[in-house]
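Notes follow the structure.
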Amino acid sequence: MTDSKLRLQGELLAYARQQEVIAELARLALATADVEALFERAVEAASDLLHAPFCRLLEVTPDRKMLVIRAAVGWNKTGRSALVELGAASNHE
(Lines give C-alpha, C1' and ligand atoms only; values in the text may rest on other atoms or scores of the structure.)
Protein backbone atom coordinates (compact mmCIF):
# COMPACT_ATOMS: atom_id res chain seq x y z
CA MET A 1 0.00 0.00 0.00
CA THR A 2 1.11 3.52 -0.67
CA ASP A 3 1.56 6.04 2.11
CA SER A 4 -1.56 7.94 1.07
CA LYS A 5 -3.66 4.76 1.12
CA LEU A 6 -2.33 3.86 4.56
CA ARG A 7 -3.06 7.38 5.81
CA LEU A 8 -6.58 7.25 4.37
CA GLN A 9 -7.17 3.82 5.91
CA GLY A 10 -6.06 5.18 9.29
CA GLU A 11 -8.36 8.17 8.94
CA LEU A 12 -11.30 5.92 8.06
CA LEU A 13 -10.64 3.69 11.05
CA ALA A 14 -10.46 6.73 13.33
CA TYR A 15 -13.72 8.07 11.90
CA ALA A 16 -15.41 4.70 12.37
CA ARG A 17 -14.24 4.64 16.00
CA GLN A 18 -15.61 8.15 16.54
CA GLN A 19 -18.98 7.07 15.18
CA GLU A 20 -18.98 4.01 17.46
CA VAL A 21 -18.38 6.23 20.48
CA ILE A 22 -21.13 8.66 19.43
CA ALA A 23 -23.54 5.74 19.09
CA GLU A 24 -22.48 4.38 22.49
CA LEU A 25 -23.04 7.77 24.14
CA ALA A 26 -26.44 8.10 22.45
CA ARG A 27 -27.48 4.65 23.73
CA LEU A 28 -26.28 5.53 27.23
CA ALA A 29 -28.15 8.85 27.13
CA LEU A 30 -31.37 7.06 26.19
CA ALA A 31 -30.91 4.24 28.70
CA THR A 32 -30.01 6.13 31.86
CA ALA A 33 -31.23 9.03 33.95
CA ASP A 34 -27.75 9.30 35.48
CA VAL A 35 -26.43 12.42 33.76
CA GLU A 36 -23.21 12.35 35.79
CA ALA A 37 -22.40 8.85 34.47
CA LEU A 38 -23.06 10.06 30.93
CA PHE A 39 -20.77 13.06 31.45
CA GLU A 40 -18.02 10.84 32.89
CA ARG A 41 -18.25 8.46 29.94
CA ALA A 42 -18.22 11.38 27.50
CA VAL A 43 -15.00 12.84 28.90
CA GLU A 44 -13.40 9.39 29.00
CA ALA A 45 -14.32 8.88 25.35
CA ALA A 46 -13.08 12.34 24.32
CA SER A 47 -9.81 11.79 26.17
CA ASP A 48 -9.35 8.42 24.48
CA LEU A 49 -10.29 9.57 20.97
CA LEU A 50 -8.13 12.70 21.15
CA HIS A 51 -5.23 10.89 22.87
CA ALA A 52 -5.42 13.62 25.52
CA PRO A 53 -4.38 12.68 29.06
CA PHE A 54 -6.62 15.38 30.57
CA CYS A 55 -10.20 16.25 29.65
CA ARG A 56 -13.02 18.18 31.33
CA LEU A 57 -16.66 18.86 30.71
CA LEU A 58 -17.50 22.37 31.90
CA GLU A 59 -20.89 23.98 32.44
CA VAL A 60 -21.47 27.73 32.38
CA THR A 61 -23.38 28.93 35.43
CA PRO A 62 -26.68 30.75 34.84
CA ASP A 63 -25.05 34.12 35.62
CA ARG A 64 -22.42 33.28 32.93
CA LYS A 65 -19.59 34.27 35.27
CA MET A 66 -18.26 30.87 36.27
CA LEU A 67 -17.47 27.48 34.78
CA VAL A 68 -18.31 24.43 36.86
CA ILE A 69 -16.46 21.18 36.27
CA ARG A 70 -19.13 18.52 35.69
CA ALA A 71 -16.77 15.65 34.75
CA ALA A 72 -13.04 15.19 34.30
CA VAL A 73 -10.39 12.59 33.60
CA GLY A 74 -6.66 12.74 34.11
CA TRP A 75 -6.63 14.52 37.45
CA ASN A 76 -6.42 12.69 40.75
CA LYS A 77 -9.48 12.92 42.99
CA THR A 78 -7.81 15.52 45.23
CA GLY A 79 -7.00 17.76 42.28
CA ARG A 80 -10.49 17.39 40.82
CA SER A 81 -12.26 18.30 44.01
CA ALA A 82 -10.04 21.37 44.43
CA LEU A 83 -11.14 22.59 40.99
CA VAL A 84 -14.87 22.92 41.50
CA GLU A 85 -15.33 26.37 39.96
CA LEU A 86 -13.15 28.46 37.69
CA GLY A 87 -13.67 32.08 36.78
CA ALA A 88 -14.73 32.15 33.14
CA ALA A 89 -12.34 35.02 32.42
CA SER A 90 -9.42 33.68 34.46
CA ASN A 91 -6.32 31.94 33.18
CA HIS A 92 -6.45 28.86 35.43
CA GLU A 93 -4.73 25.84 33.91
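The values are calculated or read from the model by the stated rules, or taken from the named source; none is laboratory data. Predicted model, so just to flag it, every value in this text is computed and none were measured. Using ideal geometry, Cβ is built from the backbone for each residue, glycine included, and neighbour counts are taken over all protein chains shown. Side chains included, ligands, DNA and RNA excluded: accessible areas come from the protein's heavy atoms. Shrake-Rupley method; radii C 1.70, N 1.55, O 1.52, S 1.80 Å.
Test ALA42 against the stated conditions and say whether it is under 22 Å from ALA16 (Cβ atoms), in a helix (DSSP H, G or I) and under 8 Å from the mean Cα position of the chain (by Cα). Steps first, answer last, please.
Details: under 22 Å from ALA16 (Cβ atoms): yes; in a helix (DSSP H, G or I): yes; under 8 Å from the mean Cα position of the chain (by Cα): yes.
In short, yes.
If you filter segment 45-59 down to residues that are of a type in the set (A, V, I, L, M, F, W, C) and part of a loop (DSSP other than H, G, I, E, B), you find that the one that is least open to solvent (accessible area, probe 1.4 Å) is ALA52.
If ALA37 satisfies every condition in (1) open to solvent by 60 Å² or more (accessible area, probe 1.4 Å); (2) over 11 Å from the mean Cα position of the chain (by Cα); (3) aliphatic (A, V, I, L, M) but one, which is the exception? Tallying (1) open to solvent by 60 Å² or more (accessible area, probe 1.4 Å); (2) over 11 Å from the mean Cα position of the chain (by Cα); (3) aliphatic (A, V, I, L, M), ALA37 fails exactly one: (1).
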